[in-house]
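Reviewing the structure listed below.
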Amino acid sequence: MAPAIKYTKLFINNEWVDARSGKTFETCTPHDGTVTARIAEGDKADIDLAVSAAKAAFHRNSEWRLLDASARGRLLNKFADLIQRDTQYLAELESYDNGMLIGFAMRNVAMAENLARYNAGLADKIQGDTIPADGEVFSYTLKQPVGVCGLILPWNVPILMFAAKVTTALAAGCTVVVKPAEQSPLTALALAALLNEAGFPPGVVNVVPGFGPGAGSSLTHHPDVAKISFTGSVEVGKLIQRTAGEVNLKRVSLELGGKNPLVIMNDADLELAVRTAANGVFANQGQICLAASRLYVQSGIYDQFVQKAVDFAKNIKIGNPSDPTSRHGPQIDLEMMTKVLGYIEIGKQEGAKLMTGGDCVGDKGFYIQPAVFINVTDDMTIAKEEIFGPVQCILKFDTLEDVIDRANNTNYGLVAGIFTSNINTALQFSKHVQAGTIWVNNWLVYNVQVPFGGFKDSGLGREKGMDCVNAYLEVKTVTVAQPKKL
Ligand code: ADP
């Protein structure tokens, strides 16, 4: 049964309101493409209202600013409790709106709860330094919230991204305007309702669904927004970095794409490597920036690996994401499905060999069979561009030296991984590959305690981990004249 859709309006100043224009847009379920709800479509006028609510909530005498830091932490913990209470509902809503497998959605909700708790703990541990500065002075630093933050979310893991950005900004003491992705706006609204229930004061969190060029762009241009945190495509990320400097100088954090190399050495645990590589590229139908989308297999085990990888992919059970026995669901929408099928065609045309999958499944919804390409070479489009679909590209290599250069020969630098039983090989790879995360004998391990972000075009800044709040803080130096002698 479809989950109840309780919220379809904009959430501004702790109230549910229609868009000023009265406009709405459709959201669909990727399982069969049917429209499930009409959502209020925010645009500039609504972003102006939301930003002014967030600005008022950030005023030095506001209820929010007068709270103790530990009280911010308690509110975040309350939010985490509510996420925990509603785990099943949130996961069902996410799966329905986004098409992700229900099991994957449950793990995402659990991670969102963990993020809220982790950041709750950080709230009252934000502290500056006392500094032995030269001269007749006493100097110290304050770490203060940067102000109103515009948080622009992607469609692929909406709950997780909402939690990562919103709870960090709130731990820092900022106020926020969230712009969920137009393809999957429902869970951001459900989470806004939980923040309201938790007791966050009006204006601290505002959620304005809408489109990129409308609501998104209005946020990045708004003079009262101090910071933008964005997760999405490299193309829009670069645009946002430019725009963020046009009106005022906004701080910018960017989590962008990846074309992530996973290297399997001859001495790897083969069964584990095959399974992990497949899960690494097919998870969420390949719609994660962490996908193991360039799979380098050493020549000594190449044929054996390919055989097992093809068998694995053929046996993945495709089905309705709400069915807990399904192992592969639909792509988000027709546009993305068409794009992925286009890449599969290009792969074939450029000479890669499609060993299995790559066709649409059924006559409704946006399902694609997991595809495995072999004989892929570095110059092929499918080895260079982020496909964001269930396409495993297997490339052959001979030496570690060679594969490290090939792994680095890209503008991306998000994550990378290696399977080997040789510690020296693992350490050399970890040292020399340009990526924000290196996984050794694992992939997709994504804990709240560790920083995450990209080198090169994969992003700017880090989310998660102890330092994540720094992206939402300014450091202020205070120097007080103080004679050395009493
Ligand atoms: P994708 O290509 O995967 O859909 P995008 O990078 O286009 O990802 O979108 C990610 C998020 O950025 C979405 O919330 C989208 O609405 C928003 N967005 C798209 N274009 C802009 C823009 N010009 N300014 C601000 N936000 C944008």
Legend entry - Residue that is farthest from A283 (Cα to Cα) [pool: residues in the stretch 98-130 that are free of Cβ contacts under 8 Å to residues at least 24 places away in the same chain and outside any helix (DSSP H, G or I)]: T130
Legend entry - Residues of the stretch 423-450 that turn out to be assigned to a loop (DSSP other than H, G, I, E, B), hydrophobic (A, V, I, L, M, F, W, C), open to solvent by 50 Å² or more (accessible area, probe 1.4 Å) and over 20 Å from N279 (Cα atoms), as a count: 1
Legend entry - Among the candidates R85, R60, residue that is charged (D, E, K, R) and either under 19 Å from L189 (Cα atoms) or assigned by TED's automatic domain parsing to the domain that holds M337 (or both): R85
Inset, instruction - Tally the residues that are under 17 Å from A120 (Cβ atoms) and basic (K, R), restricting the search to the stretch 458-486. - result: 1
Inset, instruction - Looking at (1) modelled with pLDDT of 95 or more; (2) more than 23 Å from the chain's Cα centre (by Cα); (3) exposed (fewer than 15 other Cβ atoms within 10 Å of the Cβ), find the lone condition where G362 falls short. - result: (1)
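Just to verify a result, which residue in the stretch 331-359, among those that are more than 24 Å from the chain's Cα centre (by Cα), touching a residue at least 40 places away in the same chain (Cβ under 8 Å) and closer than 18 Å to F282 by Cα, is nearest to the ligand (Cβ to nearest atom)?
The initial filter retains those residues of the stretch 331-359 that are more than 24 Å from the chain's Cα centre (by Cα), namely 342, 344-359.
Going one step further and asking which of them are touching a residue at least 40 places away in the same chain (Cβ under 8 Å), we end up with 344, 347, 352, 355-357.
Now drop any that are not closer than 18 Å to F282 by Cα, which leaves 344, 347, 355-357.
On the way: I344: 18, G347: 20, M355: 27, T356: 26, G357: 22 Å.
That would be I344.
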Inset, instruction - Kindly indicate whether any position in the stretch 35-45 is open to solvent by less than 80 Å² (accessible area, probe 1.4 Å), assigned to a helix (DSSP H, G or I) and in contact (Cβ under 8 Å) with a residue 24 or more places away in the chain. - result: yes
Inset, instruction - Scan the stretch 293-328 for residues that are acidic (D, E) and not in a loop (DSSP other than H, G, I, E, B) and jot them down. - result: D303, D311
Inset, instruction - Go through the residues of the stretch 261-273 one by one and say whether even a single one is more than 29 Å from I332 (Cβ to Cβ), touching a residue at least 60 places away in the same chain (Cβ under 8 Å) and within 16 Å of the ligand (Cβ to nearest atom). - result: no
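In the stretch 166-182, what residues are in a loop (DSSP other than H, G, I, E, B), within 16 Å of the ligand (Cβ to nearest atom) and within 20 Å of A112 (Cα to Cα)?
Once the filter is applied, which keeps residues that are in a loop (DSSP other than H, G, I, E, B), within 16 Å of the ligand (Cβ to nearest atom) and within 20 Å of A112 (Cα to Cα), the stretch 166-182 yields P180, A181.
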Inset, instruction - Just one of (1) more than 30 Å from H328 (Cα to Cα); (2) without any contact (Cβ under 8 Å) to a residue 24 or more places away in the chain trips up W64, so point out which. - result: (2)
Inset, instruction - Give the residue, chosen from L427, L400, L444, that is in the same structural domain as A268 (by TED's automatic domain parsing) and touching a Leu at 6+ places or on another chain (Cβ under 9 Å). - result: L444
Legend entry - Residue that is nearest to the ligand (Cβ to nearest atom), among those in the stretch 126-165 that are open to solvent by 20 Å² or more (accessible area, probe 1.4 Å) and aromatic (F, W, Y): W155
Inset, instruction - State whether the residues of the stretch 198-205 include one that is assigned to a helix (DSSP H, G or I), open to solvent by less than 30 Å² (accessible area, probe 1.4 Å), touching a helix residue (DSSP H, G or I) at 6+ places or on another chain (Cβ under 7 Å) and away from the ligand (no atom under 13 Å from the Cβ). - result: yes
Inset, instruction - Check E235, E255 and return the single one that is out of contact with any Asp or Glu (no Cβ under 7 Å at 6 or more places or on another chain), of a type in the set (D, E, K, R) and within 14 Å of the ligand (Cβ to nearest atom). - result: E235
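Only one of G147, G135 is assigned by TED's automatic domain parsing to the domain that holds R60 and touching a residue at least 12 places away in the same chain (Cβ under 8 Å); which?
The unique qualifying residue is G147.
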Inset, instruction - With respect to P3, determine if the residue is outside any strand (DSSP E or B) and either in the same structural domain as T175 (by TED's automatic domain parsing) or under 30 Å from E63 (Cβ atoms) (or both). - result: no
Legend entry - Within the stretch 447-486, tally of residues that are among the aromatic types (F, W, Y) and either in contact with a Gly (Cβ under 7 Å, 6 or more places away or on another chain) or not assigned by TED's automatic domain parsing to the domain that holds N119 (or both): 2
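The values are calculated or read from the model by the stated rules, or taken from the named source; none is laboratory data. For clarity, every value in this text was computed on a predicted model and none was experimentally measured. Counting neighbours? That spans all protein chains shown, and the Cβs are built from the backbone with ideal geometry, glycine included. Calculation scope for accessible area: heavy atoms of the full protein, side chains included, ligands and nucleic acids excluded. Shrake-Rupley method; radii C 1.70, N 1.55, O 1.52, S 1.80 Å.
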